[in-house]
Amino acid sequence: MAPDAMREAARSLSDARPVSYWLDDPGKPVARPALTGDERCDLLVVGGGYSGLWTALIAKERDPGRDVVLIEGDEAGWAASGRNGGFCAASLTHGLANGLERWPDEIGKLEALGARNLDAIEETVARHSIDCEFERTGEIDVATQPHQLDELREWHARTEELGLGGFEFLDRERMRGEVDSPTFLGGLLDRRGVAMLHPAKLVWGLKEVCLGLGVRIFEHTPGLALVRSGAGTAVRTPYGRVFARDVALGTNIFPSLVKRVRPYTVPVYDYALMTEPLTADQLASVGWRNRQGLGDSANQFHYFRLSADNRILWGGYDAVYPYGGRLDSALDQRPETFLKLAGQFFACFPQLSGVRFSHAWGGAIDTCSRFSAFFGTAHRGRVAYAAGFTGLGVGATRFGAEVMLDLLSGRGTERTALAMVRSKPMPFPPEPFAWAGIELTKRSLARADSQGGHRNLWLRTMDRLGLGFDS
Ligand SMILES: Cc1cc2nc3c(=O)[nH]c(=O)nc-3n(C[C@H](O)[C@H](O)[C@H](O)COP(=O)(O)OP(=O)(O)OC[C@H]3O[C@@H](n4cnc5c(N)ncnc54)[C@H](O)[C@@H]3O)c2cc1C
(Lines give C-alpha, C1' and ligand atoms only; values in the text may rest on other atoms or scores of the structure.)
Protein backbone atom coordinates (compact mmCIF):
# COMPACT_ATOMS: atom_id res chain seq x y z
CA MET A 1 0.00 0.00 0.00
CA ALA A 2 1.28 3.48 -0.83
CA PRO A 3 2.27 5.59 2.23
CA ASP A 4 -0.67 8.01 1.75
CA ALA A 5 -3.15 5.16 1.48
CA MET A 6 -1.60 3.56 4.56
CA ARG A 7 -2.02 6.80 6.52
CA GLU A 8 -5.64 7.13 5.42
CA ALA A 9 -6.33 3.51 6.40
CA ALA A 10 -4.72 3.99 9.82
CA ARG A 11 -6.63 7.25 10.46
CA SER A 12 -9.93 5.58 9.58
CA LEU A 13 -9.35 3.00 12.30
CA SER A 14 -8.32 5.29 15.13
CA ASP A 15 -11.68 5.13 16.96
CA ALA A 16 -12.66 1.59 16.01
CA ARG A 17 -13.96 -0.37 18.99
CA PRO A 18 -12.30 -3.80 19.25
CA VAL A 19 -15.56 -5.76 19.43
CA SER A 20 -18.17 -7.10 17.04
CA TYR A 21 -20.47 -4.26 16.05
CA TRP A 22 -23.44 -6.63 16.31
CA LEU A 23 -22.70 -7.60 19.93
CA ASP A 24 -21.97 -4.00 20.97
CA ASP A 25 -25.67 -3.24 21.31
CA PRO A 26 -27.71 -1.92 24.23
CA GLY A 27 -30.40 -4.50 23.38
CA LYS A 28 -28.08 -7.38 24.33
CA PRO A 29 -30.05 -9.52 26.79
CA VAL A 30 -28.76 -10.44 30.23
CA ALA A 31 -27.24 -13.92 30.38
CA ARG A 32 -29.28 -16.68 32.00
CA PRO A 33 -27.85 -18.02 35.28
CA ALA A 34 -25.40 -20.92 35.19
CA LEU A 35 -26.50 -24.44 36.02
CA THR A 36 -26.01 -25.40 39.65
CA GLY A 37 -27.06 -28.89 40.66
CA ASP A 38 -28.39 -31.70 38.51
CA GLU A 39 -31.02 -31.55 35.75
CA ARG A 40 -32.89 -34.24 33.80
CA CYS A 41 -34.35 -33.77 30.34
CA ASP A 42 -35.33 -35.52 27.12
CA LEU A 43 -32.93 -33.50 24.97
CA LEU A 44 -29.80 -31.64 26.03
CA VAL A 45 -28.47 -29.14 23.49
CA VAL A 46 -24.86 -28.04 23.94
CA GLY A 47 -24.01 -24.64 22.42
CA GLY A 48 -25.90 -21.35 22.32
CA GLY A 49 -25.13 -20.25 18.76
CA TYR A 50 -27.49 -20.71 15.81
CA SER A 51 -26.92 -24.51 15.68
CA GLY A 52 -27.92 -25.05 19.30
CA LEU A 53 -30.76 -22.54 19.37
CA TRP A 54 -32.35 -23.81 16.13
CA THR A 55 -32.07 -27.37 17.45
CA ALA A 56 -33.85 -26.47 20.68
CA LEU A 57 -36.50 -24.43 18.87
CA ILE A 58 -37.29 -27.03 16.21
CA ALA A 59 -37.27 -29.83 18.81
CA LYS A 60 -40.01 -27.96 20.68
CA GLU A 61 -41.93 -27.24 17.50
CA ARG A 62 -41.82 -30.90 16.47
CA ASP A 63 -42.87 -32.07 19.95
CA PRO A 64 -43.97 -29.39 22.42
CA GLY A 65 -44.02 -31.98 25.21
CA ARG A 66 -40.29 -32.69 24.88
CA ASP A 67 -38.30 -31.42 27.85
CA VAL A 68 -35.30 -29.50 26.42
CA VAL A 69 -32.28 -28.04 28.24
CA LEU A 70 -29.62 -25.91 26.50
CA ILE A 71 -26.22 -25.18 28.02
CA GLU A 72 -23.85 -22.52 26.69
CA GLY A 73 -20.25 -22.27 27.91
CA ASP A 74 -20.12 -18.49 27.61
CA GLU A 75 -23.05 -16.28 26.52
CA ALA A 76 -25.42 -17.10 23.69
CA GLY A 77 -24.07 -15.71 20.44
CA TRP A 78 -20.67 -14.52 21.72
CA ALA A 79 -18.78 -16.60 19.11
CA ALA A 80 -19.29 -16.91 15.33
CA SER A 81 -23.06 -16.40 15.54
CA GLY A 82 -22.57 -12.90 16.96
CA ARG A 83 -19.62 -11.88 14.76
CA ASN A 84 -20.47 -12.90 11.23
CA GLY A 85 -21.34 -10.84 8.15
CA GLY A 86 -25.05 -11.63 8.41
CA PHE A 87 -25.25 -13.11 4.89
CA CYS A 88 -27.96 -15.75 5.35
CA ALA A 89 -27.65 -17.94 2.27
CA ALA A 90 -29.90 -20.68 0.97
CA SER A 91 -26.87 -22.72 -0.11
CA LEU A 92 -26.16 -25.69 2.15
CA THR A 93 -22.94 -26.47 0.29
CA HIS A 94 -20.87 -23.29 0.64
CA GLY A 95 -22.06 -22.16 -2.74
CA LEU A 96 -23.32 -23.85 -5.87
CA ALA A 97 -19.86 -24.48 -7.33
CA ASN A 98 -18.70 -26.47 -4.31
CA GLY A 99 -21.99 -28.38 -4.17
CA LEU A 100 -21.83 -29.28 -7.87
CA GLU A 101 -18.23 -30.38 -7.56
CA ARG A 102 -18.93 -32.75 -4.67
CA TRP A 103 -22.52 -33.93 -5.06
CA PRO A 104 -23.43 -33.48 -8.74
CA ASP A 105 -26.14 -36.15 -8.55
CA GLU A 106 -28.01 -34.56 -5.70
CA ILE A 107 -27.39 -30.88 -6.36
CA GLY A 108 -31.01 -30.29 -7.43
CA LYS A 109 -32.25 -31.72 -4.14
CA LEU A 110 -29.63 -29.82 -2.10
CA GLU A 111 -30.56 -26.54 -3.78
CA ALA A 112 -34.29 -27.18 -3.21
CA LEU A 113 -33.73 -28.10 0.45
CA GLY A 114 -31.57 -25.00 0.88
CA ALA A 115 -34.24 -22.74 -0.63
CA ARG A 116 -36.84 -24.33 1.68
CA ASN A 117 -34.50 -23.79 4.63
CA LEU A 118 -34.09 -20.08 3.87
CA ASP A 119 -37.87 -19.73 3.41
CA ALA A 120 -38.36 -21.44 6.80
CA ILE A 121 -35.94 -19.00 8.46
CA GLU A 122 -37.85 -16.08 6.95
CA GLU A 123 -41.17 -17.61 8.03
CA THR A 124 -39.98 -18.29 11.61
CA VAL A 125 -38.56 -14.79 11.94
CA ALA A 126 -41.91 -13.35 10.81
CA ARG A 127 -44.08 -15.72 12.88
CA HIS A 128 -42.22 -14.96 16.10
CA SER A 129 -41.68 -11.28 15.21
CA ILE A 130 -37.91 -11.65 15.66
CA ASP A 131 -36.52 -8.18 15.05
CA CYS A 132 -33.28 -9.18 13.31
CA GLU A 133 -33.42 -6.75 10.37
CA PHE A 134 -34.08 -9.61 7.94
CA GLU A 135 -34.03 -8.34 4.33
CA ARG A 136 -34.27 -10.77 1.41
CA THR A 137 -32.07 -8.60 -0.77
CA GLY A 138 -30.16 -11.25 -2.72
CA GLU A 139 -26.42 -11.12 -3.30
CA ILE A 140 -24.13 -10.07 -6.15
CA ASP A 141 -20.87 -11.87 -6.88
CA VAL A 142 -18.68 -9.12 -8.27
CA ALA A 143 -15.86 -9.48 -10.81
CA THR A 144 -12.89 -7.19 -10.29
CA GLN A 145 -10.60 -8.98 -12.78
CA PRO A 146 -11.32 -9.96 -16.40
CA HIS A 147 -10.97 -13.71 -15.80
CA GLN A 148 -13.55 -13.47 -13.01
CA LEU A 149 -15.99 -11.85 -15.42
CA ASP A 150 -15.64 -14.81 -17.79
CA GLU A 151 -16.20 -17.20 -14.89
CA LEU A 152 -19.35 -15.37 -13.80
CA ARG A 153 -20.69 -15.49 -17.38
CA GLU A 154 -20.04 -19.24 -17.44
CA TRP A 155 -21.74 -19.64 -14.08
CA HIS A 156 -24.75 -17.77 -15.29
CA ALA A 157 -25.03 -20.14 -18.25
CA ARG A 158 -24.65 -23.09 -15.87
CA THR A 159 -27.48 -21.92 -13.60
CA GLU A 160 -29.70 -21.69 -16.68
CA GLU A 161 -28.74 -25.21 -17.80
CA LEU A 162 -29.60 -26.49 -14.32
CA GLY A 163 -32.94 -24.68 -14.42
CA LEU A 164 -32.09 -22.56 -11.37
CA GLY A 165 -34.06 -19.35 -11.66
CA GLY A 166 -33.33 -15.97 -10.13
CA PHE A 167 -29.81 -15.42 -11.47
CA GLU A 168 -28.93 -12.47 -13.66
CA PHE A 169 -25.65 -11.47 -15.27
CA LEU A 170 -24.79 -7.79 -14.86
CA ASP A 171 -22.38 -6.13 -17.26
CA ARG A 172 -20.12 -3.35 -16.03
CA GLU A 173 -22.64 -0.59 -16.54
CA ARG A 174 -25.50 -2.45 -14.83
CA MET A 175 -23.22 -3.56 -12.02
CA ARG A 176 -22.07 -0.01 -11.37
CA GLY A 177 -25.70 1.11 -11.61
CA GLU A 178 -26.43 -1.15 -8.63
CA VAL A 179 -23.33 -0.42 -6.54
CA ASP A 180 -20.68 1.90 -7.84
CA SER A 181 -16.99 1.15 -7.61
CA PRO A 182 -14.35 1.85 -10.27
CA THR A 183 -13.02 -1.65 -9.59
CA PHE A 184 -16.24 -3.47 -10.59
CA LEU A 185 -16.25 -5.10 -14.03
CA GLY A 186 -19.57 -6.93 -13.76
CA GLY A 187 -21.50 -9.25 -11.48
CA LEU A 188 -23.81 -12.20 -11.07
CA LEU A 189 -26.94 -11.37 -9.12
CA ASP A 190 -28.71 -14.09 -7.15
CA ARG A 191 -32.07 -12.46 -6.45
CA ARG A 192 -33.65 -14.89 -3.98
CA GLY A 193 -30.89 -17.05 -2.56
CA VAL A 194 -29.50 -14.76 0.15
CA ALA A 195 -30.93 -12.51 2.86
CA MET A 196 -29.15 -9.94 5.01
CA LEU A 197 -29.78 -9.89 8.76
CA HIS A 198 -28.43 -8.65 12.08
CA PRO A 199 -26.57 -11.73 13.32
CA ALA A 200 -26.71 -11.07 17.07
CA LYS A 201 -30.36 -10.01 16.99
CA LEU A 202 -31.16 -13.33 15.32
CA VAL A 203 -29.40 -15.16 18.21
CA TRP A 204 -31.17 -13.10 20.84
CA GLY A 205 -34.52 -13.54 19.12
CA LEU A 206 -34.09 -17.31 18.85
CA LYS A 207 -33.10 -17.44 22.52
CA GLU A 208 -36.24 -15.56 23.53
CA VAL A 209 -38.44 -17.82 21.42
CA CYS A 210 -36.79 -20.91 22.95
CA LEU A 211 -37.40 -19.58 26.46
CA GLY A 212 -41.01 -18.84 25.54
CA LEU A 213 -41.44 -22.43 24.34
CA GLY A 214 -40.16 -23.71 27.69
CA VAL A 215 -36.51 -24.51 26.86
CA ARG A 216 -34.41 -24.20 30.03
CA ILE A 217 -31.24 -22.28 29.11
CA PHE A 218 -28.12 -22.10 31.27
CA GLU A 219 -25.32 -19.76 30.20
CA HIS A 220 -21.75 -19.70 31.54
CA THR A 221 -22.16 -23.48 31.73
CA PRO A 222 -19.53 -25.35 29.70
CA GLY A 223 -20.15 -29.05 29.12
CA LEU A 224 -16.91 -30.65 30.33
CA ALA A 225 -17.43 -34.31 29.47
CA LEU A 226 -19.98 -36.73 28.07
CA VAL A 227 -20.46 -39.96 29.96
CA ARG A 228 -22.89 -42.82 29.58
CA SER A 229 -25.61 -42.93 32.18
CA GLY A 230 -28.09 -45.82 32.06
CA ALA A 231 -29.88 -45.74 28.71
CA GLY A 232 -28.93 -42.12 28.17
CA THR A 233 -26.04 -39.73 28.56
CA ALA A 234 -24.85 -37.36 31.23
CA VAL A 235 -22.91 -34.15 30.61
CA ARG A 236 -20.75 -32.87 33.42
CA THR A 237 -20.59 -29.10 33.97
CA PRO A 238 -18.65 -27.12 36.61
CA TYR A 239 -21.49 -27.06 39.16
CA GLY A 240 -23.74 -29.93 38.17
CA ARG A 241 -24.70 -32.58 35.66
CA VAL A 242 -27.40 -32.89 33.02
CA PHE A 243 -28.88 -36.35 32.45
CA ALA A 244 -30.51 -36.62 29.04
CA ARG A 245 -31.97 -39.27 26.76
CA ASP A 246 -30.53 -37.46 23.73
CA VAL A 247 -27.76 -34.89 23.27
CA ALA A 248 -27.24 -32.54 20.31
CA LEU A 249 -23.86 -30.85 19.94
CA GLY A 250 -23.91 -27.44 18.27
CA THR A 251 -20.42 -26.57 19.40
CA ASN A 252 -18.94 -25.47 16.07
CA ILE A 253 -15.14 -24.99 16.19
CA PHE A 254 -14.78 -25.55 19.94
CA PRO A 255 -13.28 -28.92 20.93
CA SER A 256 -16.08 -31.42 20.42
CA LEU A 257 -17.22 -33.48 23.38
CA VAL A 258 -16.97 -36.38 20.89
CA LYS A 259 -13.19 -36.48 20.48
CA ARG A 260 -13.11 -38.30 17.14
CA VAL A 261 -14.91 -35.34 15.51
CA ARG A 262 -12.08 -32.91 16.29
CA PRO A 263 -9.71 -33.65 13.35
CA TYR A 264 -12.44 -32.76 10.83
CA THR A 265 -12.24 -29.02 11.46
CA VAL A 266 -9.60 -26.33 11.91
CA PRO A 267 -10.17 -22.75 13.09
CA VAL A 268 -9.59 -20.07 10.49
CA TYR A 269 -9.76 -16.49 11.74
CA ASP A 270 -11.72 -14.12 9.56
CA TYR A 271 -12.03 -10.33 10.04
CA ALA A 272 -14.54 -7.54 9.57
CA LEU A 273 -14.78 -3.77 9.83
CA MET A 274 -17.93 -1.67 10.24
CA THR A 275 -18.07 1.96 9.16
CA GLU A 276 -19.94 4.71 10.90
CA PRO A 277 -23.39 5.32 9.31
CA LEU A 278 -23.03 6.88 5.85
CA THR A 279 -24.59 10.29 5.23
CA ALA A 280 -27.25 10.52 2.52
CA ASP A 281 -24.65 12.02 0.15
CA GLN A 282 -22.10 9.31 0.86
CA LEU A 283 -24.70 6.62 0.26
CA ALA A 284 -25.85 8.32 -2.95
CA SER A 285 -22.25 8.29 -4.19
CA VAL A 286 -22.30 4.48 -4.01
CA GLY A 287 -25.89 3.84 -5.11
CA TRP A 288 -26.83 0.53 -3.48
CA ARG A 289 -30.56 1.27 -3.63
CA ASN A 290 -31.42 -2.43 -3.60
CA ARG A 291 -29.20 -3.12 -0.57
CA GLN A 292 -27.86 -6.50 -1.81
CA GLY A 293 -24.98 -8.22 -0.10
CA LEU A 294 -21.84 -8.30 -2.24
CA GLY A 295 -18.85 -10.57 -2.46
CA ASP A 296 -15.92 -10.32 -4.82
CA SER A 297 -14.96 -13.39 -6.77
CA ALA A 298 -11.30 -13.77 -5.80
CA ASN A 299 -10.07 -16.84 -3.91
CA GLN A 300 -9.18 -14.43 -1.12
CA PHE A 301 -12.42 -12.53 -1.15
CA HIS A 302 -14.22 -9.65 0.54
CA TYR A 303 -17.87 -9.62 1.55
CA PHE A 304 -19.67 -6.34 2.11
CA ARG A 305 -23.16 -5.12 2.86
CA LEU A 306 -25.22 -2.33 4.36
CA SER A 307 -26.57 -2.43 7.90
CA ALA A 308 -30.08 -1.21 8.71
CA ASP A 309 -28.66 2.25 9.56
CA ASN A 310 -26.54 2.37 6.39
CA ARG A 311 -23.12 1.48 7.71
CA ILE A 312 -20.96 -0.68 5.47
CA LEU A 313 -19.68 -3.96 6.84
CA TRP A 314 -16.46 -4.86 5.02
CA GLY A 315 -15.08 -8.32 5.80
CA GLY A 316 -12.73 -10.96 4.50
CA TYR A 317 -8.97 -11.01 4.61
CA ASP A 318 -6.95 -12.51 6.24
CA ALA A 319 -7.74 -16.17 6.62
CA VAL A 320 -5.41 -16.89 9.54
CA TYR A 321 -4.78 -20.47 10.64
CA PRO A 322 -3.06 -20.69 14.03
CA TYR A 323 -0.46 -23.44 14.30
CA GLY A 324 -1.87 -26.46 16.11
CA GLY A 325 -5.42 -25.26 15.46
CA ARG A 326 -5.46 -23.53 18.82
CA LEU A 327 -8.27 -21.12 19.60
CA ASP A 328 -6.75 -17.88 20.79
CA SER A 329 -8.82 -14.81 21.68
CA ALA A 330 -5.71 -12.68 20.99
CA LEU A 331 -6.34 -13.42 17.31
CA ASP A 332 -9.72 -11.65 17.44
CA GLN A 333 -7.77 -8.39 17.05
CA ARG A 334 -5.21 -8.18 14.25
CA PRO A 335 -4.18 -4.59 13.46
CA GLU A 336 -2.17 -5.57 10.36
CA THR A 337 -5.26 -7.23 8.93
CA PHE A 338 -7.49 -4.27 9.82
CA LEU A 339 -5.07 -1.91 8.05
CA LYS A 340 -5.06 -4.11 4.96
CA LEU A 341 -8.87 -4.36 5.00
CA ALA A 342 -9.27 -0.58 5.43
CA GLY A 343 -6.85 0.09 2.55
CA GLN A 344 -8.78 -2.33 0.32
CA PHE A 345 -12.06 -0.66 1.33
CA PHE A 346 -10.87 2.78 0.16
CA ALA A 347 -9.43 1.27 -3.03
CA CYS A 348 -12.91 -0.16 -3.75
CA PHE A 349 -14.85 2.96 -2.74
CA PRO A 350 -12.55 5.98 -3.27
CA GLN A 351 -15.65 8.22 -3.15
CA LEU A 352 -15.92 7.35 0.58
CA SER A 353 -12.54 8.79 1.45
CA GLY A 354 -12.71 10.19 4.99
CA VAL A 355 -15.26 7.64 6.26
CA ARG A 356 -14.24 6.11 9.57
CA PHE A 357 -14.66 2.66 11.03
CA SER A 358 -16.53 2.33 14.30
CA HIS A 359 -15.75 -1.38 14.95
CA ALA A 360 -13.06 -3.92 14.00
CA TRP A 361 -13.18 -7.57 15.00
CA GLY A 362 -12.40 -11.13 14.09
CA GLY A 363 -13.64 -14.60 14.85
CA ALA A 364 -12.93 -18.26 14.23
CA ILE A 365 -14.58 -20.10 11.36
CA ASP A 366 -14.98 -23.89 11.55
CA THR A 367 -13.32 -24.85 8.30
CA CYS A 368 -13.51 -28.42 7.05
CA SER A 369 -11.85 -29.79 3.95
CA ARG A 370 -15.08 -29.95 1.93
CA PHE A 371 -16.29 -26.47 3.08
CA SER A 372 -19.73 -27.66 4.06
CA ALA A 373 -21.22 -29.21 7.16
CA PHE A 374 -20.89 -32.83 8.15
CA PHE A 375 -23.07 -34.75 10.56
CA GLY A 376 -23.00 -37.87 12.66
CA THR A 377 -23.89 -39.67 15.85
CA ALA A 378 -22.00 -41.22 18.75
CA HIS A 379 -22.89 -43.06 21.98
CA ARG A 380 -25.14 -45.62 20.24
CA GLY A 381 -26.99 -42.97 18.29
CA ARG A 382 -27.96 -40.95 21.37
CA VAL A 383 -25.54 -38.06 20.67
CA ALA A 384 -25.70 -36.14 17.38
CA TYR A 385 -23.39 -33.46 16.02
CA ALA A 386 -23.22 -31.03 13.09
CA ALA A 387 -20.10 -28.96 12.34
CA GLY A 388 -17.84 -27.73 9.54
CA PHE A 389 -20.07 -24.97 8.10
CA THR A 390 -16.93 -23.09 6.94
CA GLY A 391 -18.04 -19.50 6.77
CA LEU A 392 -21.52 -20.15 5.40
CA GLY A 393 -23.42 -21.28 8.47
CA VAL A 394 -25.88 -18.47 9.16
CA GLY A 395 -28.56 -20.23 7.13
CA ALA A 396 -27.18 -23.78 6.94
CA THR A 397 -27.08 -24.24 10.74
CA ARG A 398 -30.88 -24.44 10.72
CA PHE A 399 -30.63 -27.33 8.26
CA GLY A 400 -27.92 -28.86 10.51
CA ALA A 401 -30.31 -28.64 13.46
CA GLU A 402 -32.97 -30.54 11.52
CA VAL A 403 -30.44 -33.20 10.54
CA MET A 404 -29.33 -33.66 14.17
CA LEU A 405 -32.96 -34.08 15.27
CA ASP A 406 -33.63 -36.51 12.39
CA LEU A 407 -30.58 -38.58 13.36
CA LEU A 408 -31.62 -38.68 17.03
CA SER A 409 -35.14 -39.73 16.08
CA GLY A 410 -33.69 -42.80 14.36
CA ARG A 411 -36.13 -42.34 11.47
CA GLY A 412 -34.81 -41.88 7.94
CA THR A 413 -35.79 -38.62 6.24
CA GLU A 414 -35.01 -37.01 2.88
CA ARG A 415 -32.22 -35.18 4.71
CA THR A 416 -30.59 -38.25 6.28
CA ALA A 417 -30.73 -40.01 2.88
CA LEU A 418 -28.43 -37.40 1.30
CA ALA A 419 -24.89 -38.45 0.39
CA MET A 420 -23.82 -35.13 1.88
CA VAL A 421 -25.27 -36.18 5.23
CA ARG A 422 -24.03 -39.77 5.07
CA SER A 423 -20.42 -38.94 4.16
CA LYS A 424 -17.62 -37.20 6.04
CA PRO A 425 -14.91 -34.83 4.85
CA MET A 426 -11.25 -35.82 4.84
CA PRO A 427 -9.84 -35.05 8.32
CA PHE A 428 -6.91 -32.63 8.62
CA PRO A 429 -3.53 -34.27 9.26
CA PRO A 430 -1.62 -33.66 12.51
CA GLU A 431 1.00 -30.89 12.76
CA PRO A 432 3.27 -29.88 11.22
CA PHE A 433 1.52 -31.24 8.09
CA ALA A 434 -1.75 -29.34 8.63
CA TRP A 435 0.07 -26.01 8.99
CA ALA A 436 2.38 -26.66 6.02
CA GLY A 437 -0.49 -27.77 3.77
CA ILE A 438 -2.73 -24.84 4.74
CA GLU A 439 0.06 -22.27 4.29
CA LEU A 440 1.00 -23.70 0.89
CA THR A 441 -2.65 -23.60 -0.16
CA LYS A 442 -3.09 -20.01 1.05
CA ARG A 443 0.00 -18.84 -0.83
CA SER A 444 -1.08 -20.70 -3.95
CA LEU A 445 -4.54 -19.12 -3.79
CA ALA A 446 -3.03 -15.64 -3.41
CA ARG A 447 -0.79 -16.32 -6.40
CA ALA A 448 -3.77 -17.57 -8.44
CA ASP A 449 -5.62 -14.32 -7.65
CA SER A 450 -2.72 -12.26 -8.95
CA GLN A 451 -2.12 -14.46 -12.02
CA GLY A 452 -5.46 -14.37 -13.78
CA GLY A 453 -6.90 -17.26 -11.73
CA HIS A 454 -4.24 -19.75 -12.91
CA ARG A 455 -4.16 -22.66 -10.42
CA ASN A 456 -0.74 -24.16 -9.80
CA LEU A 457 0.10 -27.86 -9.52
CA TRP A 458 -0.58 -27.95 -5.77
CA LEU A 459 -4.07 -26.45 -6.17
CA ARG A 460 -4.84 -28.72 -9.14
CA THR A 461 -3.81 -31.74 -7.08
CA MET A 462 -5.95 -30.62 -4.16
CA ASP A 463 -8.85 -30.06 -6.58
CA ARG A 464 -8.48 -33.60 -7.91
CA LEU A 465 -8.49 -34.98 -4.35
CA GLY A 466 -11.55 -32.90 -3.49
CA LEU A 467 -9.61 -31.10 -0.77
CA GLY A 468 -9.37 -27.42 -0.11
CA PHE A 469 -9.07 -24.51 2.24
CA ASP A 470 -11.61 -21.74 2.46
CA SER A 471 -13.26 -19.40 4.92
C1 LIG B 1 -15.98 -13.22 11.06
C2 LIG B 1 -16.99 -14.23 10.58
C3 LIG B 1 -17.82 -13.92 9.50
C4 LIG B 1 -18.76 -14.84 9.05
N5 LIG B 1 -19.66 -14.45 8.09
C6 LIG B 1 -20.65 -15.30 7.71
C7 LIG B 1 -21.67 -14.88 6.83
O8 LIG B 1 -21.75 -13.71 6.43
N9 LIG B 1 -22.59 -15.80 6.42
C10 LIG B 1 -22.57 -17.06 6.89
O11 LIG B 1 -23.43 -17.86 6.49
N12 LIG B 1 -21.67 -17.48 7.81
C13 LIG B 1 -20.72 -16.62 8.24
N14 LIG B 1 -19.84 -17.02 9.21
C15 LIG B 1 -19.98 -18.36 9.78
C16 LIG B 1 -21.15 -18.44 10.75
O17 LIG B 1 -21.08 -17.36 11.66
C18 LIG B 1 -21.11 -19.78 11.50
O19 LIG B 1 -21.13 -20.84 10.56
C20 LIG B 1 -22.29 -19.98 12.43
O21 LIG B 1 -22.45 -18.86 13.29
C22 LIG B 1 -22.07 -21.23 13.25
O23 LIG B 1 -23.04 -21.29 14.27
P24 LIG B 1 -22.85 -22.33 15.45
O25 LIG B 1 -24.00 -22.19 16.35
O26 LIG B 1 -22.61 -23.68 14.85
O27 LIG B 1 -21.49 -21.91 16.14
P28 LIG B 1 -21.14 -20.77 17.22
O29 LIG B 1 -21.84 -19.51 16.94
O30 LIG B 1 -19.65 -20.74 17.29
O31 LIG B 1 -21.72 -21.34 18.54
C32 LIG B 1 -21.17 -22.46 19.20
C33 LIG B 1 -21.42 -22.24 20.67
O34 LIG B 1 -21.14 -23.44 21.37
C35 LIG B 1 -20.59 -23.09 22.62
N36 LIG B 1 -19.85 -24.26 23.11
C37 LIG B 1 -18.82 -24.89 22.51
N38 LIG B 1 -18.42 -25.94 23.23
C39 LIG B 1 -19.22 -25.97 24.33
C40 LIG B 1 -19.29 -26.82 25.46
N41 LIG B 1 -18.47 -27.86 25.60
N42 LIG B 1 -20.22 -26.56 26.39
C43 LIG B 1 -21.08 -25.50 26.26
N44 LIG B 1 -21.05 -24.67 25.22
C45 LIG B 1 -20.13 -24.90 24.26
C46 LIG B 1 -19.70 -21.90 22.32
O47 LIG B 1 -19.45 -21.15 23.49
C48 LIG B 1 -20.51 -21.17 21.28
O49 LIG B 1 -21.32 -20.15 21.83
C50 LIG B 1 -18.87 -16.13 9.67
C51 LIG B 1 -18.04 -16.44 10.75
C52 LIG B 1 -17.11 -15.51 11.21
C53 LIG B 1 -16.26 -15.87 12.38
For a label point 7 Å along the Cα-to-beta-carbon line of PHE243, residues of the range 31-50 with backbone N under 20 Å: 35-46
Treating only the Cβ of Lys, Arg, Asp and Glu as charged (+1, +1, -1, -1), what charge dipole size does the range 245-385 show about its Cα centre? Round to the nearest 20 debye. 720
Within the chain, helix-based [θ] at 222 nm, where runs of 4 or more DSSP H residues each add -39,500 (n - 2.57), nearest 500: -10000 deg cm²/dmol
Which angle from 0 to 90°, rounded to the nearest 10, does the C-alpha axis of helix 335-348 make with the longest principal axis of the chain? 50
Out of the range 206-247, which chymotrypsin sites (Phe, Trp or Tyr not before Pro) are coil in DSSP terms and have no more than 10 other C-beta atoms within 10 Å? none
To the nearest 10 square angstrom, how much accessible area does SER129 have with a 1.4 angstrom probe? 90
Cβ-defined net charge surrounding GLY376, 10 Å radius [Lys, Arg +1; Asp, Glu -1]: +3
Would you mind getting the accessible area per residue of the range 284-391, heavy atoms of the protein chains only, 1.4 Å probe, in Å²? 30
18 Å Cα-Cα reach of LYS259 towards aspartates and glutamates, excluding residues that sit fewer than 8 places from it in its own chain: ASP246, ASP366, GLU431
Calculated SAXS-style log₁₀ I(q)/I(0) at q = 0.11 Å⁻¹ - the chain, Debye, Cα scatterers: -0.88
Within the range 361-453, DSSP-loop trypsin sites (Lys or Arg not before Pro) with at most 11 other C-beta atoms within 10 Å are ARG380, ARG411
Pull out the extension gain between ASP4 and ALA126, defined as 0.36 nm times the separation in residues minus the alpha carbon to alpha carbon distance; nm, one decimal. 39.2 nm
Rolling a 1.4 Å sphere over the protein heavy atoms, what is the accessible area per residue of the range 134-248, to the nearest Å²? 43
Kirkwood hydrodynamic radius of the range 310-449, Cα pairs, Å: 18.1
How many Å² of accessible area per residue for the range 1-132, probe 1.4 Å? 43
Reachable lysines from LYS340, criterion Cα separation under 17 angstrom, eight or more residues apart if same chain: LYS442
Rounded to a whole %, the carbon-and-sulfur portion of the accessible area of the chain at a 1.4 Å probe is 53
Quick one: net charge of GLU133's neighbours, Cβ under 10 Å, K/R +1, D/E -1? -2
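The values are calculated or read from the model by the stated rules, or taken from the named source; none is laboratory data. Fair warning: this is a prediction, and the values are worked out from it, not measured in the lab. Every residue, glycine as well, gets a Cβ built from its backbone with ideal geometry; the counts of neighbours run over all protein chains shown. These accessible areas exclude ligands, DNA and RNA; they are computed on the full protein's heavy atoms, side chains included. Shrake-Rupley method; radii C 1.70, N 1.55, O 1.52, S 1.80 Å.
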